[in-house]
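The values are calculated or read from the model by the stated rules, or taken from the named source; none is laboratory data. All values derive from a computational prediction rather than experimental measurement. Every residue, glycine among them, receives a Cβ derived from its backbone with ideal geometry; neighbour counts consider all protein chains shown. With ligands, DNA and RNA removed, areas are computed over all heavy atoms of the protein, side chains included. Shrake-Rupley method; radii C 1.70, N 1.55, O 1.52, S 1.80 Å.
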Amino acid sequence: MAAARRREAEWGGRPQPRWRPQEVGAGDRRRRRQLESSGLAWPSGGGVLGAPLRLPLPRPRLQPALQARAMAGDNSKQFWKRSAKLPGSIQPVYGAQHPPLDPRLTKNFIKERSKVNAVSLKNKKASSFHEFARNTSDAWDIGDDEDEDFSTSSFQTLNSKVALATAAQVLENHSKLRMKPERSQSTAADITANFKVIKSSSDAQLSRNSGDTCLRNPLHKQQSLPLRPIIPLVARISDQNASGAPPMTVREKTRLEKFRQLLSSHNTDLDELRKCSWPGVPREVRPVTWRLLSGYLPANTERRKMTLQRKREEYFGFIEQYYDSRNEEHHQDTYRQIFERILFIWAIRHPASGYVQGINDLVTPFFVVFLSEYVEEDVENFDVTNLSQDMLRSIEADSFWCMSKLLDGIQDNYTFAQPGIQKKVQALEELVSRIDEQVHNHFRRYEVEYLQFAFRWMNNLLMRELPLRCTIRLWDTYQSEPEGFSHFHLYVCAAFLIKWRKEILDEEDFQGLLMLLQNLPTIHWGNEEIGLLLAEAYRLKYMFADAPNHYRR
Amino acid sequence: MEAIWLYQFRLIVIGDSTVGKSCLIRRFTEGRFPQVSDPTVGVDFFSRLVEIEPGKRIKLQIWDTAGQERFRSITRAYYRNSVGGLLLFDITNRRSFQNVHEWLEETKVHVQPYQIVFVLVGHKCDLDTQRQVTRHEAEKVAAGYGMKYIETSARDAINVEKAFTDLTREIYELVKRGEITIQEGWEGVKSGFVPNVVHSSEEVVKSDRRCLC
C-alpha cells in the first residue's frame with residue numbers, strides 16, 4: 001500500500017488522492033480557486049512594470065487604532081515582559097487577557113505623521129531608486145487611528161507620479177485580463193433561485209435594536225450569471241461540516257444574546273467584545289462585530305451610522321477620483337470588478353507595497369462576511385447585481401476599509417523583499433526547533449527549508465491551506481487578539497505544522513515532505529479543528545512569552 | 001519500494017505572471033488542465049518521472065515560481081540548485097516575450113557558480129489568432145542565447161510532454177558526456193539508486209558464468 005502510494009507520488013505529481021478524496025476535495029478546492037483567482041489573479045507583469053514600486057525596508061509598523069485605544073497606558077516594552085505578571089506559565093485560552101500594546105507605537109504615531117506629510121510634499125523627481133524609495137515612504141497607512149483620517153485633502157498630497165505609476169500598472173494588468181477571452185466554459189449552468197436578500201442585520205441594529213425580524217425579499221432568478229462564480233461555501237461559514245445549520249445549543253444562544261447586548265449598548269465595551277469574540281463570533285452578529293473589532297466602526301452606537309455613511313462616501317470619492325477617471329468602461333458590479341476596485345484603491349494609496357499576489361485573498365473573508373448580511377443561504381454563484389446599489393456599495397466600502405486596517409498591521413509582509421515574511425518564517429523555524437525538535441530535525445535531515453512551504457502560510461495568512469469557513473473563524477480570533485494577524489499568526493502556524501507531525505515524520509524524503517506540506521488535508525476542517533489549533537497556538541504563545549530566550553536568541 | 005531512476009534533475013520554470021507556468025506544469029504532472037488556477041505565491045513543488053529511453057527513467061523535481069516581481073527575492077534562491085529551466089512567455093503577450101532577456105540576466109546572476117540549461121517556451125499556442133510573437137522571431141532569440149525553442153499549449157496538451165522530455169534529454173546528454181557533473185552540496189543533479197547498479201552487476205556476473213560453461 002505504502003509502496004503503491006509512493007509510486008503514485010513519484011509518477012503523478014501531487015499525490016492528492018492520498019489525503020483528499022477527489023470528489024470532495026477537488027470540488028471544494030476548485031471553488032476556493034475560483035474565488036481566489038478569477039479575475040483577481042492580478043499580477044504585476046515581469047520586471048518592467050514592477051520596478052518603480054520597489055522600496056527598501058519599511059518603517060516600523062503602527063498598530064491598528066483600536067488596539068492603541070484599548071491598550072494605551074500599559075507600559076510593557078516587550079511582549080515577553082508582560083507575561084511575568086501572569087500567574088503560571090500556561091493560561092486558559094478562552095476569556096484571555098490581551099497583551100498590551102507597545103506604547104512606543106502610539107508615541108511615534110504623532111511624530112511620524114508630521115514627518116510623512118513633510119516628505120510627501122517634498123516629492124519632486126525621483127532620479128534614483130533610493131531617492132524614489134525615500135520619497136514614497138508610505139504615507140497613507142498612518143492616519144488610521146480615528147475616523148477623521150484618510151481625509152480627502154491629505155489624500156491629495158499623494159505623490160501624483162506614484163499614483164500614476166500604480167494606476168498604470170494596475171490598469172495595464174486589468175485590461176490584459178479583460179481582453180483575454182474566456183478560456184474556460186462557464187460551469188455555472190442551472191442555479192436555482194434560492195437566493196434571498198435580507199436586510200442587513202447590523203444596519204437594523206444601527207437604527208434600532210429590533211433584531212430578529214429581518215425583512216426578506218425573495219429575489220428573481222438572476223438574468224446573467226457572472227462568468228466565474230467566485231464566492232464559495234458561504235452557507236457553511238460557521239456551520240462546520242454540516243450542510244444545514246445545526247440547531248443552536250443553549251450555550252450558543254446565551255453567547256449570541258451576550259453579543260447582542262454588547263453590540264447594542266450605548267458604548268460597546270471593546271475589551272469585552274474581544275474577549276467574547278476570541279472563541280468565535282456567531283455568524284448572525286459577525287459583520288457588525290468585525291467592523292468594530294477592526295476599528296472601522298466606532299464603539300459609540302450613536303456615531304456608527306454617520307461614520308459608516310461618511311466612510312462609504314469617502315471610499316467612493318476615491319473611486320471617482322482615481323478609478324473612474326482612468327477607466328472609461330461602464331461600471332460593472334461583478335465580484336471581479338468590485339475586488340478590482342478595492343485592490344486598486346488600496347494599491348494606489350500604498351505605493352510602498354503596491355499590489356502583491358496574496359493581498360487579493362485577504363479581501364475575500366471581509367467581502368463574504370459583509371455579503372452574508374444581505375444574502376441568506378448559499379452565496380456561491382450569487383449574482384451580485386441582484387443586490388441593490390446601496391447594499392453593494394456598503395459591502396464594497398466596508399470590505400475596503402476593513403482590509404486596509406488589516407493590512408496596516410502586516411504591511412512589511414508586502415513591501416520590497418517582503419521583510420515581514422522573511423522574519424516570520426525565520427521565527428517559525430526557531431520556534432519549531434524549540435517545541436518539536438524531532439520535526440525540526442526531520443526537515444533538516446531531508447533538506448526541507450521552512451521557506452519552501454511557510455512562505456505561503458505567511459503571505460496568504462494560511463488562506464490557501466484552509467477552507468474559507470475556517471479562515472473566517474480564524475479571523476474572529478485574529479481580530480480579537482492583539483497583533484493577531486502578525487504576531488499571533490506565527491504561533492498558529494507553528495501549531496498548524498505540529499498538528500501534522502505524525503504525517504510529517506512518516507514521510508521519508510524531500511519530495512514526499514514537500515508534497516505533504518503543500519497539500520495538507522484540511523478540506524473537512526471546521527470550527528472544532530480551528531478551535532483546537534487556536535488553543536494550541538495560545539498555549540505556545542504563553543509558553544514562550546514566559547521564556548523569551550527559548551524563542552529569541 | 002522506490003521507483004528506480006537513473007538521475008534526479010531539478011528544474012525551474014520561470015517567466016512573467018500569467019504566461020501559464022503553473023498550468024503547464026500541472027498538465028505535465030497531473031495530466032489535466034486546471035480550469036482555474038491560483039496565482040502562485042512564492043514557489044511550488046512538483047515532481048514526475050520521465051522515461052527518456054526504454055528502461056531509463058529520470059526523476060524530475062520541478063519548482064514552479066511566482067512570476068510577480070515582488071516574489072523575486074524568494075524565487076531567485078531556487079536557480080542555484082536547478083540544472084534545467086523552462087523560460088516561458090505567452091505568445092499572445094508581447095511584453096512577456098520582451099522580458100525574456102531580463103529573465104535570463106536574472107538567472108545568470110543567481111545561478112553561479114553552476115549553469116542552467118534553458119529551453120525557451122512560447123506558451124498558449126492554441127491561441128494562434130491572438131499571436132503577438134511570431135515563431136520565427138522567437139526562434140531567432142532562442143538561437144541567440146543558444147536555447148531551443150518550442151511552442152506549447154497546456155490547454156490543448158500540445159508539446160507539453162515534449163518540452164519537458166526534450167530538456168531532460170538534453171541535460172542527460174550533458175551529464176553523460178561529463179559536461180555536467182554531480183557535485184556535493186548541489187541539488188541540480190543527483191544519481192539514482194544503487195539497486196539498479198547492483199542488479200546490472202549481478203547480471204554481468206551471471207553472464208560471465210554462462211560464458212565459462
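What is the sum of charges around residue B:88, taking Lys and Arg as +1, Asp and Glu as -1, for the other residues whose C-beta is under 10 Å from the C-beta of residue B:88? The answer is 0. Summed over both chains, the accessible area lost when A and B associate is about 4800 Å², using a 1.4 Å probe.
Quote the relative contact order of region B:7-191 in percent (integer), defining contacts as alpha-carbon pairs under 8 Å separated by 6+ residues.
On the way: 355 pairs, mean separation 48.8, N = 185.
Relative contact order comes out at 26 percent.
Placing +1 on the Cβ of every Lys and Arg and -1 on the Cβ of every Asp and Glu, with nothing else charged, gives region A:285-409 a dipole about its Cα centre of roughly 700 debye.
I'd like to check one number: the per residue accessible area of region B:135-196, probe 1.4 Å, reported in Å² as a whole number.
Values: 3340 Å² over 62 residues.
On a per-residue basis, region B:135-196 sits at 54 Å².
Debye sum, Cα scatterers, region B:7-191, no solvent: what log₁₀ I/I(0) at q = 0.09, 0.15 1/Å? With one equal scatterer per Cα and no solvent, log10 I(q)/I(0) is -0.28, -0.83. Its alpha carbons give region A:454-553 an Rg and a Dmax of 13.8, 39 Å.
Close amide H pairs (under 5 Å, H built 1.01 Å from N) link residue B:8 with B:59, B:190, B:191, B:192, residues at least 5 positions away or on another chain.
How large is the dipole of chain B about the Cα centre if only Lys and Arg carry +1 and Asp and Glu carry -1, each at its Cβ, rounded to the nearest 20 debye?
Details: 30 positive and 29 negative charges, 24 e Å.
Its charge dipole is roughly 120 debye.
Find the accessible area per residue for region A:415-552; the probe is 1.4 Å, ligands and nucleic acids are left out, and the unit is Å². Spell out each step's value before the answer.
Details: 4120 Å² over 138 residues.
Averaged over the residues of region A:415-552, the accessible area is 30 Å².
Taking every alpha-carbon pair in region A:285-409 and binning the separations at 5 Å intervals from zero gives 2, 10, 21, 24, 22, 14, 6, 1, 0 percent. Comparing region A:329-485 with the 2.2 N^0.38 Å rule of thumb, its C-alpha radius of gyration ratio is 1.20 (two decimals). Antiparallel DSSP bridges in region B:7-191: what percent, to the nearest 5? Taking every DSSP beta bridge within region B:7-191, about 40 percent pair in antiparallel fashion. Ordering B:73, B:122, B:58 by Cα displacement along the dipole of region B:7-191 toward the positive end leaves B:58 in first place; charges were set at the Cβ atoms of Lys, Arg (+1) and Asp, Glu (-1).
Farthest toward the positive end of the dipole of region A:285-409, out of A:371, A:319, A:292, is the Cα of A:292, where the dipole comes from beta carbon charges about the Cα centre. The largest accessible area among A:324, B:156 belongs to the first residue in B:156, A:324, and the rest follow in falling order (1.4 Å probe, all chains). So which of A:502/B:59; B:21/B:124; B:21/B:162; B:59/B:190 end up more than 18 Å apart, counting from Cα to Cα? A:502/B:59, as the Cα separations exceed 18 Å there.
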